[in-house]
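Report on one structure; see the data block that follows.
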Amino acid sequence: MSTLATTIAGRRFSTCLMNAAGIRCQSARDLDALVASAAGTYVTKSATPNKRPGNPEPRMTTLPHGSFNSMGLPNNGLAYYLDYVLADQIKRPTATQFLSIAGTSLEDNLAMLHEIQASEYRGFVELNLSCPNVPGHPQTGYDFEQTAKTLDAVFAFYDKPLGVKLPPYFDLAHFDAIAAVLNQYPLTFVTTINSVGNGLVVNAETETVAIRPKGGFGGIGGASVKPTALANVRALSQRLKPEIAVVGVGGILNGRDAFEHILCGASMLQIGTQFGYEGTAVFKRIAQELDSIMALKGYNTIADFRGKLKTLD
Ligand code: SIN
């Protein structure tokens, strides 16, 4: 009998599938649907200190093999999500939630983390260092010095389990550089990848860009980004200290994609674009497909093949 259960920092999740931040997780109703689904847990929409409307519409569109967005962090503000996870913690004391935060400045991130530190929250925080869609605010994860400065300031006082959500990296030297920074801190996990930022979708008929914000530039998600996501999961798994779990996200549409992410080293899988298209049924379907692949291959647990991708030398 196989299991898709996974453990991160001693917290057990009944299955290794969950949503990715930003997708159907903005309202309490969205989060209730995730709690009622076959997902092993959920992550809340990345919060800023106060409610934000996000970027002007249209701000997302579909692609033949994915999605394209420049949402700009529309969210209900930290208090809303903190209240939700605290209430959930009382209802389900053994569950571990992921609370995502994405301040548009270091000061905002620190202020939110002080609030979370002072609260009864026991779950994970996913600190988003990689939103590509806030005009005038570059992705912190691409600035290695600023990432170190951020984590120095965070871990000077924050002592609950915390991970970071990273942008995709495209060069082996950058994998080395970001891993060298992250390995200096008591991180619980990294989530990789956020959307491939600042792509451009053109509508040839109207001879315009497809979305309004940032002159049409936006983040690419879905099937097209899977090779980049797998490379980041693999490269970071090979470089990070073993205490830092890797949460894989990017291009997971079916059980085979999930299997590939785990082979590359992921301990938990987040589903973004496909969850947006399919709704909560996606978790049960992908779990069944992954389970069938594991049964065929004789694997009982995801630890049996996690990170065991072979090269051809
Ligand atoms: C957004 O709200 O713009 C997406 C969030 C993200 O990519 O981190």
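Bear in mind that the values in this text are calculations on the coordinates, not laboratory data. Values in this document were obtained by computation on a predicted structure and should not be read as measured data. Positions of Cβ are generated from backbone atoms using ideal geometry, with glycine treated the same way; all protein chains shown enter the neighbour counts.
Write out, first by first residue and then by second, each pair whose Cβ atoms fall under 9 Å of each other, whose residues are 6+ apart or on separate chains, and whose first residue, in the stretch 186-207, is touching a residue at least 12 places away in the same chain (Cβ under 8 Å) while the second is among the charged types (D, E, K, R) and crowded, with 23+ Cβ neighbours inside 10 Å.
Every condition considered, the pairs that remain are Phe189/Glu126; Val190/Lys165; Thr191/Glu126; Thr191/Lys165; Thr192/Lys165; Ile193/Lys165; Asn194/Lys165.
Taking the condition of being closer than 18 Å to Lys165 by Cα and crowded, with 19+ Cβ neighbours inside 10 Å, how many residues in the stretch 66-115 meet it?
19
Among the residues of the stretch 1-48, write down those that are away from the ligand (no atom under 13 Å from the Cβ), within 16 Å of the chain's Cα centre (by Cα) and among the aliphatic types (A, V, I, L, M).
Ile8, Leu17, Met18, Leu31, Leu34, Ala39
Report the residue count in the stretch 175-219 for those that are farther than 23 Å from Phe155 by Cα and in a helix (DSSP H, G or I).
Selection size over the stretch 175-219: 4.
Out of the stretch 128-174, which residues are under 15 Å from the mean Cα position of the chain (by Cα), within 16 Å of the ligand (Cβ to nearest atom) and either closer than 19 Å to Glu115 by Cα or not in a loop (DSSP other than H, G, I, E, B) (or both)?
Answer for the stretch 128-174, where residues must be under 15 Å from the mean Cα position of the chain (by Cα), within 16 Å of the ligand (Cβ to nearest atom) and either closer than 19 Å to Glu115 by Cα or not in a loop (DSSP other than H, G, I, E, B) (or both): Asn128, Leu129, Gly141, Gly163, Val164, Lys165, Leu166.
Looking at the stretch 66-108, which of its residues are within 16 Å of the ligand (Cβ to nearest atom), in contact with a Leu (Cβ under 9 Å, 6 or more places away or on another chain) and part of a helix (DSSP H, G or I)?
Once the filter is applied, which keeps residues that are within 16 Å of the ligand (Cβ to nearest atom), in contact with a Leu (Cβ under 9 Å, 6 or more places away or on another chain) and part of a helix (DSSP H, G or I), the stretch 66-108 yields Leu78, Tyr81.
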